[in-house]
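Peer 1: Just passing along the structure, written as structure tokens.
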Amino acid sequence: MSLLFIDEHVLLLVIRLVLMCSLFPLGAAPVKVEMPALSPTMEEGNIVKWLKKEGDAVAAGDALCEIETDKAVVTLESSDDGVLAKILMEEGSRAVRLGTLIALMVEEGEDWKTVEIPPPVAATQATPAPAAPTAPPPHPPRAASTGPLRLSPAARHILDTHGLDPQLATPTGHRGIITKEDALNLLKKFPDSKTTPVTAAPVAAAPSPVATPAAAPLPPGSRPMYPPQSIPGKPGAPGTFTEVPASNVRRVIAQRLTQSKTTIPHAYATIDCDLGAVMQLRKEMAKAEIKVSVNDFIIKAAAATLRELPEVNVTWSGEGPQALNSISISIAVATPKGLITPIITNAADKGVQEISANAKVELNTKARNGKLLPHEYQGGSFSISNLGMFGISEFSAVINPPQACILAVGTSRAVLHLTEETGALSTQQLMTVTLSSDGRLVDDELASRFLDKFRANLERPQRMTLN
């Protein structure tokens, strides 16, 4: 009888558990998809487009979304099989830090609609942060307002732009300085910028004359420290500006250019090359329906010269020079999102025709459409920047670290030349190139030898392997 009594209680307990599970089903365990590092210098990325929708089946290797890195737009592939359950970062999400959760997947056969969404850790940590500025009372520094007003440039800009009386601001800065935050707090109290001074003037009748000299005193011959910022939705006044958000690519370009010019001792050398033989060879190849550009010959000549002078085919690391085993030429390409350098790998082992075919795919198709993969724009040993198509006669380029050199190529020009043997005048097609070299790796003598051999290879293209 007691056993029957226990069995009945166990049965009731089982029924109760079944009912609870049916009413409150357990969520499916998620497979986290986080923002990955798609380039060595990447710190954050932008979600450009999701290629899968919630509920879509996903196999390992399938494209999940397109992510804009600091170099290009890269396709993120799934590393697991399953179902895309929840997209946490929608299309257009910007500045998503590495390791941030962007989506959730569940295993095949699980109900993707019941996926367990982890709590937003970043949001809970960021919650107490806004409380810090409001905690310190603004009243103790108020005593500093009895003397001359002291404003930071940003605070003065905000108050002048919106016509606010500085006497109404509560200074919280060091030694009674009115900071940018103080000006913004005052702007929140009086959002109607142009009517605020009229109502505030009778309240502070005595200090109002002081407000005029507070904004006026400037040292003789000085100029404003800032241009006023234009207000969205209103016509811009003379001297105003509009902030333009910088893309990840633009920010990284700015960082690397600054790094290059401030940490690399640039040295420059210039030489003229006769393109007569290249032009004639191009005509002969065109008759055989082989189309190659002058830039293809320049790439081949640079690669052949690097093979002859391997001491130029080096990079700089924190401990010193590193000799490279392969010759890969980086080609600077301007895209709507910024400059990128796709690579012609093993260029010294390729003919001009193969270089031309690779350049057309890498430059015209992938680079300009932002479809380059990381290995297609990282790891070059020598860079070439050609502005000849824009009519630039000559220029100096900035070295692409950690490479040792970059070759700046100008346009070709017709020059009259006096032949010494016959004394007759002839026309030459000259092109000016400038080598920017890292003085730590390539000294002036080595740079001169490189340019001399480069010119010899370019002026006698038959010396190079064409096919």
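The values are calculated or read from the model by the stated rules, or taken from the named source; none is laboratory data. Keep in mind that what you see is a predicted model, and the values were worked out from it rather than measured. Don't worry about glycine lacking a Cβ; one is built from the backbone with ideal geometry, like all the others, and counts go over all protein chains shown. All accessible areas refer to the heavy atoms of the entire protein, side chains included, with ligands and DNA or RNA removed. Shrake-Rupley method; radii C 1.70, N 1.55, O 1.52, S 1.80 Å.
Peer 1: Mind checking the dipole of the range 33-82: about its Cα centre, +1 per Lys or Arg Cβ, -1 per Asp or Glu Cβ, Debye to the nearest 20?
Peer 2: On the way: 4 positive and 12 negative charges, 36 e Å.
Result for the range 33-82 is approximately 180 debye, rounded to the nearest 20.
Peer 1: So for the range 342-467, averaging the separation of alpha carbon pairs under 8 Å that are six or more residues apart and normalising by length, what relative contact order in percent results?
Peer 2: Numbers: 167 pairs, mean separation 28.1, N = 126.
Here the relative contact order equals 22 percent.
Peer 1: Follow-up question, since we're still on this one. With a 1.4 Å probe and all protein chains left in place, how much of the accessible area of the range 252-344 comes from carbon and sulfur atoms, in whole percent?
Peer 2: Numbers: 2490 of 4580 Å².
Carbon and sulfur: 54 percent of the exposed surface of the range 252-344.
Peer 1: For the range 405-424 and the range 38-62, write down the distance between their C-alpha centroids in whole Å.
Peer 2: So the two Cα centres are separated by 51 Å.
Peer 1: With 32 Å as the limit, write out which pairs from Lys300/Lys371; Lys52/Lys360; Lys71/Lys287; Lys291/Lys371; Lys300/Lys337; Lys71/Lys283 have Cα-Cα distances beyond it, or answer none.
Peer 2: In this structure, Lys71/Lys287; Lys71/Lys283 lie more than 32 Å apart at Cα.
Peer 1: Taking K and R as +1 and D and E as -1, what net charge do the other residues with C-beta under 12 Å from the C-beta of Val398 add up to?
Peer 2: +1
Peer 1: Please enumerate, by chain and number, the lysines with C-alpha under 18 Å from the C-alpha of Lys189, excluding those fewer than 8 residues away in the same chain.
Peer 2: Lys180
Peer 1: Kindly rank 287-294, 271-278 from highest to lowest mean number of other beta carbons found within 10 Å of each residue.
Peer 2: 271-278, 287-294
Peer 1: Can you tell me which aspartates and glutamates have their Cα less than 14 Å from the Cα of Lys86? Leave out same-chain residues fewer than eight positions away.
Peer 2: Those aspartates and glutamates meeting the cut-off are Glu34, Glu54, Asp56, Glu107, Glu110, Asp111, Glu116.
Peer 1: So, with a 1.4 angstrom probe, what is the percent of accessible area on the range 57-116 that is carbon and sulfur? Write down the numbers at each step before the final one.
Peer 2: Details: 1200 of 2780 Å².
That fraction is 43 percent.
Peer 1: Between Phe395 and Arg449, what is the label-point separation in nm under the 7 Å Cα-to-beta-carbon projection?
Peer 2: 3.1 nm
Peer 1: For the peptides 254-266, 166-178, 385-397, what is the packing order when you average, over each peptide's residues, the other Cβ atoms within 10 Å and list the highest mean first?
Peer 2: Sorting 254-266, 166-178, 385-397 by mean packing, highest first, produces 166-178, 385-397, 254-266.
Peer 1: Could you check how much of the accessible area of the range 381-467 is carbon and sulfur, as a whole percent, using a 1.4 Å probe? Display every interim value, and only then the final one.
Peer 2: Numbers: 2130 of 4190 Å².
Here carbon and sulfur together make up 51 percent of the probe-accessible area.
Peer 1: May I ask you to rank Tyr377, Tyr268 by accessible area, largest first, using a 1.4 Å probe over the protein chains only?
Peer 2: Sorted by accessible area, descending: Tyr268, Tyr377.
Peer 1: Could you do me a favour and compute the accessible area per residue for the range 284-403, 1.4 Å probe, result in Å²?
Peer 2: That works out to 46 Å² for each residue.
Peer 1: To continue, here is another question. Holding the Cα-Cα limit at 26 Å, pick out from Lys350/Lys453; Lys261/Lys366; Lys49/Lys350 the pairs that are longer than that. Present the calculation step by step, with values, prior to reporting the outcome.
Peer 2: Working: Lys350/Lys453 19 Å; Lys261/Lys366 29 Å; Lys49/Lys350 37 Å.
Those over the limit are Lys261/Lys366; Lys49/Lys350.
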